[in-house]
1. Within segment 22-41, track down each residue that is over 10 Å from the mean Cα position of the chain (by Cα) and surrounded by 12 or more Cβ atoms within 10 Å (Cβ to Cβ).
2. When you scan segment 34-48, do you find a residue that is farther than 21 Å from R64 by Cβ, free of Cβ contacts under 8 Å to residues at least 24 places away in the same chain and either touching a Phe, Trp or Tyr at 6+ places or on another chain (Cβ under 6 Å) or in a loop (DSSP other than H, G, I, E, B) (or both), even just one?
3. Identify the residue in segment 1-39 that is closer than 17 Å to T55 by Cβ and among the acidic types (D, E) and, among all such residues, is nearest to the ligand (Cβ to nearest atom).
4. Report yes if some residue within segment 50-60 is surrounded by fewer than 12 Cβ atoms within 10 Å (Cβ to Cβ), without any contact (Cβ under 8 Å) to a residue 24 or more places away in the chain and assigned to a loop (DSSP other than H, G, I, E, B); otherwise report no.
Amino acid sequence: MSYTVNVIEEKCVGCSICSRICPTGTLKINKETKKAYNSGVYCDNAWGCLYACPTKALEIVEVR
Ligand code: SF4
């Protein structure tokens, strides 16, 4: 089983902290919506983003 991170858009304020600390480039910021999104790149499950996000807008989800 493998896991990645999902962005809860309603909670994201687009601060970009998650995208800056993500070691694999999984999390990016959409320039139009100013929200983080999962780019589909392999997530190595470091989970630094979960702890760093100030609004708790990230959650762990299973990859299907
Ligand atoms: S750290 Fe949280 S609030 Fe900031 S861009 Fe990432 S998901 Fe959005």
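Every number in this text was worked out from the coordinates using simple rules, so none of it is lab data. Since this is a predicted model, take the numbers as computed values, not measurements. Don't worry about glycine lacking a Cβ; one is built from the backbone with ideal geometry, like all the others, and counts go over all protein chains shown.
1. Within segment 22-41, T24, N30, K34, V41 qualify.
2. Yes.
3. The qualifying residue nearest to the ligand (Cβ to nearest atom) is E9.
4. Checked against the condition, which is being surrounded by fewer than 12 Cβ atoms within 10 Å (Cβ to Cβ), without any contact (Cβ under 8 Å) to a residue 24 or more places away in the chain and assigned to a loop (DSSP other than H, G, I, E, B), segment 50-60 yields no hits at all.
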